[in-house]
Amino acid sequence: MTPFAFDRAGDLPAALRAGGAPGARFLAGGTNLVDLMKYGVEAPRRLVDLGPLDGLRRVEETPDGGLRIGALVTNADCAAHPLVMERAPLLASAILHGATPQLRNMATTGGNLLQRTRCYYFYDTATACNKRAPGTGCPAREGVNRIHAILGHSEHCIATHPSDMCVALAALEAVVEVEGPGGARRIPMADFHRLPDDAPERDTTLAHGEVITAVAIPPDRFGSHHTYLKLRDRLSYAFALVSVAVGVGMEGTAIREARIALGGVAHKPWRREEAEAAMRGLAPEAAGERAAAILLEGARGFSHNAFKIELARRAIGRAVRQAASGTPQHHANKVIL
Amino acid sequence: MPDATPPAEPALALPPPLTLALTVNGARHAVEIRPWTTLLDLLRDRLHLTGTKKGCDQGQCGACTVILDGKRVNACLVLAATRPGSEVRTVEGLEGPDGALHPLQAAFIEHDAFQCGYCTPGQLCSGVALIGEGHAGSAEEIREWMSGNICRCGAYPHIVEAIREVAGR
C-alpha cells in the first residue's frame, strides 16, 4: 500500500472538512477500498475514517412508514434488522446473496453503494483501463469479458457494477442521502450510479468531498411478493452473471404494479420504467416476457458474454413468477423454483 | 563544469506512528502502528500470534478470519488504526481457561476436518462465530454461511460435519 495520512473523524463537519482535501478519501468498512489500495488501483493521500460517527449506524422508521438506513450500518446488521426484514425483505435477501459473512460484517451501506467494478482489467495495473487510467483504452472489449456488460456500455468501458444490494435498492426506489461542502442533497437511486459514456472513471454522481449519510427506503408495497434471483458461476460467494430484483403488487392472478431491476448486466442497476408499466394487468408469465423484451432492448454482448442476454431473459421470467407467487428465492437453499 | 548531481528528492513525509490499544484473547496491548498496518499484520508480526494465517491478503480466502468485537471478519482488510479499544479473539484464544480444546477444535480432530491445516484457524474462528450467530441449522445453511472460508484440500464435508455436531449439542 502507498503510505497515506490518516484521520479519525470526530464528527460529521470535521469529516467533511478533512474529506474535502485533494486526494482524500472516506473510509468506512474498507472491504473494497483497502483491497484496491493493496492492488495499487487506489492510492489516496489521506484516509478519513468515518468509524466514530455512531449517528450513521442506525436503522430508523420514517414518518411515512419507510426506513432510513444509516450509511455505516453494516450489510450484516442491515440484513438482520427486524425493520428491514419486515419492511424491505427484498433488500435483506439481496444483501445475503452477496459476499461472505465476514465481509458483510465489515461492509457498510454507504460503502456498498460506492464499491467498484470487479473487471479484471480494472484490477490489473499492468493493463490499460479507461476507468482506472482514463484514455488508455478498454482491453475487455476484445479480451476476457464473460462478466461484463450487455446493456448501457460504451466504446470506453464495458464494466458492470458488482453490487447485489444496489439492485434491490433500485427496485425499491431508494434515495441516497448525502452531505457535502455545499449542504445536503437527496439522490434517487436511478440517478446515483452513472453509465460509463466517455467518463468511465466516474462511477457515480457523488462529488469529491460529499459523504453518504443514509439510504431512505419508501414504505413497503409488495409484502412477500418479491424475489432476488442471482445466477453466478459458483453457488455462493461469486458476483452475479445476471441478477433480478423484483417486487409486484397482485390483483387476483394479475400484476397490478411492478418494480424490477437487473444486476450484473450494466454499469449500474438496470431499470426501465416502461417495462414496469407494460407489466400492469398481465398474468405473471406474460408480464415476465414483456418486461424482458423491454429491459433487454438494445442488449449487445461481446465474445464471451452474449449468453447473458438469453440468461437474463429467462431469469426475468423466473423471478417474476417467484415474486407473483410470493415465494422469494432463498439465499441458502439454492434450488430455484 | 555543470553540477551533475540531481536535486535531492523531497523526503517522503510519512505520518507519525500511532499508538493503538486493544485486547487480544483477554490480554491488553498497546502497540505502535502505522495507518496502513492491518489487523492481520499486527497480530502476526507485532504480537507474534501466528495462528491467524495470511492466505490471499485480499479478503477472498478467509484464512485470516478472527472475531473482532464479537463479529467474524477478514483481519487482512481491517486497518488496525480504525479499531482502537477493540477486543480480538484469534485461534489462540479459542481454548478454555484450563487449556482444553474448544469443542469445535475437538470436533475438527474427531471428524478429520482438515488436511494441510493452513485454512483451519480461519475455519475454526468462522465456525465458532457461525454457531453463535445461529446459522448452523442444516448442512445447507452451514455451507452457505461458511462460504467465506476456502479450503483448497477440499475438507468441506468434514468441516460441515464437525460444525453440525457442535451446533447440535
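Find the residue count for the range A:116-168, including only residues that are of a type in the set (S, T, N, Q) and under 18 Å from the mean Cα position of the chain (by Cα).
The number of residues fulfilling the criteria is 3.
Just give me the residues in the range A:33-49 being open to solvent by 10 Å² or more (accessible area, probe 1.4 Å), within 25 Å of residue A:214 (Cβ to Cβ) and touching a residue at least 60 places away in the same chain (Cβ under 8 Å), in sequence order.
Hit for the range A:33-49 is A:33, nothing else.
Mind telling me which of the residues A:318, A:280, A:300 ends up being over 20 Å from residue A:160 (Cα atoms) and within 23 Å of the chain's Cα centre (by Cα)? Spell out the reasoning first.
Details: A:280 fails: within 23 Å of the chain's Cα centre (by Cα); A:300 fails: over 20 Å from residue A:160 (Cα atoms).
None of the others qualify; the one that does is A:318.
Which condition does residue A:281 not pass, out of (1) within 26 Å of residue A:141 (Cβ to Cβ); (2) open to solvent by 50 Å² or more (accessible area, probe 1.4 Å), if it passes all the others?
(1)
Name the single residue that is nearest to residue A:105 (Cα to Cα) among those in the range B:94-114 being touching an Asp or Glu at 6+ places or on another chain (Cβ under 8 Å) and free of Cβ contacts under 8 Å to residues at least 24 places away in the same chain.
Once the filter is applied, the top-ranked residue is B:105.
So, in the range A:1-32, how many residues would count as being open to solvent by 20 Å² or more (accessible area, probe 1.4 Å), aliphatic (A, V, I, L, M) and within 11 Å of chain B (Cβ to nearest Cβ)?
Going through the range A:1-32 one residue at a time, the tally reaches 3.
Condition check ((1) in the same structural domain as residue B:40 (by TED's automatic domain parsing); (2) within 20 Å of residue B:24 (Cα to Cα); (3) polar (S, T, N, Q)) across all residues:
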residue: B:81; (1), (2), (3): yes, yes, no
residue: B:110; (1), (2), (3): no, no, no
residue: B:118; (1), (2), (3): no, no, no
residue: B:122; (1), (2), (3): no, yes, no
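Suppose we filter the range B:115-169 for residues that are surrounded by fewer than 16 Cβ atoms within 10 Å (Cβ to Cβ), more than 19 Å from residue A:104 (Cβ to Cβ) and either among the hydroxyl-bearing types (Ser, Thr, Tyr) or free of Cβ contacts under 8 Å to residues at least 40 places away in the same chain (or both); how many remain?
Qualifying residue count, the range B:115-169: 9.
Regarding residue A:243, is this residue open to solvent by 10 Å² or more (accessible area, probe 1.4 Å) and either away from every other protein chain (no Cβ under 14 Å) or within 14 Å of residue A:170 (Cβ to Cβ) (or both)?
Criteria not met by residue A:243.
The conditions are (1) touching a strand residue (DSSP E or B) at 6+ places or on another chain (Cβ under 8 Å); (2) part of a loop (DSSP other than H, G, I, E, B); (3) surrounded by 24 or more Cβ atoms within 10 Å (Cβ to Cβ), and residue A:206 fails exactly one of them. Which is it?
Going through (1) touching a strand residue (DSSP E or B) at 6+ places or on another chain (Cβ under 8 Å); (2) part of a loop (DSSP other than H, G, I, E, B); (3) surrounded by 24 or more Cβ atoms within 10 Å (Cβ to Cβ) one by one, residue A:206 breaks only (3).
Which residue is farthest from the other protein chains (Cβ to nearest Cβ), if the candidates are limited to the range B:110-126 and must be of a type in the set (Gly, Ala, Ser) and under 12 Å from the mean Cα position of the chain (by Cα)?
Filtering first and then ranking leaves B:122.
In the range B:13-72, what residues are away from every other protein chain (no Cβ under 14 Å) and among the hydroxyl-bearing types (Ser, Thr, Tyr)?
B:23, B:50
If I ask for residues that are under 10 Å from residue B:123 (Cα atoms) and of a type outside the set (Gly, Ala, Ser), which ones from the range B:144-155 would you list?
Within the range B:144-155, B:146, B:149, B:150, B:151 meet the criteria.
Quick one: how many residues across the range B:92-127 are among the hydrophobic types (A, V, I, L, M, F, W, C) and in contact with a strand residue (DSSP E or B) (Cβ under 7 Å, 6 or more places away or on another chain)?
1
Tell me, please, whether a residue that is touching a helix residue (DSSP H, G or I) at 6+ places or on another chain (Cβ under 8 Å), over 26 Å from residue A:239 (Cα atoms) and in a helix (DSSP H, G or I) can be found in the range A:56-78.
Yes, the range A:56-78 contains at least one residue that is touching a helix residue (DSSP H, G or I) at 6+ places or on another chain (Cβ under 8 Å), over 26 Å from residue A:239 (Cα atoms) and in a helix (DSSP H, G or I).
Does residue B:112 satisfy the condition of being at positive phi, open to solvent by 30 Å² or more (accessible area, probe 1.4 Å), charged (D, E, K, R) and not in a helix (DSSP H, G or I)?
Yes.
In the range A:212-233, is there at least one residue being part of a loop (DSSP other than H, G, I, E, B), within 14 Å of another protein chain (Cβ to nearest Cβ) and farther than 23 Å from residue A:12 by Cβ?
Within the range A:212-233, one or more residues are part of a loop (DSSP other than H, G, I, E, B), within 14 Å of another protein chain (Cβ to nearest Cβ) and farther than 23 Å from residue A:12 by Cβ.
Among the numbered criteria (1) open to solvent by 20 Å² or more (accessible area, probe 1.4 Å); (2) out of contact with any Phe, Trp or Tyr (no Cβ under 8 Å at 6 or more places or on another chain); (3) under 29 Å from residue B:64 (Cβ atoms), which one does residue A:71 miss?
(1)
Among (1) touching a strand residue (DSSP E or B) at 6+ places or on another chain (Cβ under 9 Å); (2) surrounded by fewer than 18 Cβ atoms within 10 Å (Cβ to Cβ), there is one condition residue A:142 misses while meeting the rest; what is its number?
So the condition that residue A:142 fails would be (1).
Would you check if residue B:89 is within 14 Å of another protein chain (Cβ to nearest Cβ) and surrounded by fewer than 24 Cβ atoms within 10 Å (Cβ to Cβ)? Explain how you work it out, then say what you get.
Details: within 14 Å of another protein chain (Cβ to nearest Cβ): yes; surrounded by fewer than 24 Cβ atoms within 10 Å (Cβ to Cβ): yes.
So residue B:89 fits the description; yes.
Report whether or not residue A:307 is without any contact (Cβ under 8 Å) to a residue 24 or more places away in the chain and either over 13 Å from residue A:229 (Cβ atoms) or open to solvent by less than 10 Å² (accessible area, probe 1.4 Å) (or both).
So residue A:307 fits the description; yes.
The values are calculated or read from the model by the stated rules, or taken from the named source; none is laboratory data. All values derive from a computational prediction rather than experimental measurement. With ideal geometry, Cβ positions are generated from the backbone for all residues, glycine too; neighbour counts draw on all protein chains shown. Remember, those area values only see protein heavy atoms, side chains included, never the ligands or the DNA or RNA. Shrake-Rupley method; radii C 1.70, N 1.55, O 1.52, S 1.80 Å.
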